[in-house]
Amino acid sequence: MGTEEFYTSLRQKLEETNQYPVMYMFKFIVPTLTNKAAEITALFGKDANITARQSSNGKFTSITVRLVMLSSNEIIEKYQQVGKIEGVIML
């Protein structure tokens with residue numbers, strides 16, 4: 001599945017399962033010893049509720065972002081922005 005098909009499928013699933021506005025939860029995993037967590041935090045801004053937790057071995061950090069989103073397009077735009085940050089795993 002290519003990137004375009006992935007986002008088309010995601011948009012369809014988001015439309016079927018959410019009523020907007022919705023409190024949406026994003027989850028990401030980043031290497032701990034990088035500035036990737038700060039880059040993600042900057043993308044979501046001050047209105048987002050962001051929590052981070054290191055893995056048991058300390059190599060990775062999981063980031064959970066909760067933010068009110070107004071549409072499926074807005075959610076996909078955030079995923080696309082985060083997708084430009086190298087080394088981020090999107091869940």
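Every read-out reported here was derived from the displayed coordinates using simple, explicitly stated rules and does not represent laboratory data. Quick caveat: nothing in here was measured; it's all calculated off a predicted structure. Cβ atoms come from the backbone with ideal geometry, glycine included; neighbour counts cover every protein chain shown.
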GNM top mover of E74, E16, E39 - the chain, alpha-carbon springs below 10 Å: E16
Per-selection Kirkwood Rh - the chain (Cα, Å, 1 d.p.): 13.8 Å
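With each run of n ≥ 4 DSSP H residues scored as -39500 (n - 2.57), what mean residue ellipticity at 222 nm is computed for the chain after dividing by its residue count and rounding to the nearest 500 deg cm²/dmol?
Values: 3 runs with 36 residues, N = 91.
Mean residue ellipticity, 222 nm, calculated: -12500 deg cm²/dmol.
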Crossing angle, helix 72-83 versus the chain [Cα axis fit, 0-90 degrees, rounded to tens]: 30 degrees
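Among the trypsin sites (Lys or Arg not before Pro) within segment 23-69, which fall in a DSSP loop and have no more than 16 other Cβ atoms within 10 Å of their own Cβ? The partial results should precede the final answer.
Details: sites: K27, K36, K46, R53, K59, R66; in loops: K46, K59.
Passing sites in segment 23-69 are K46, K59.
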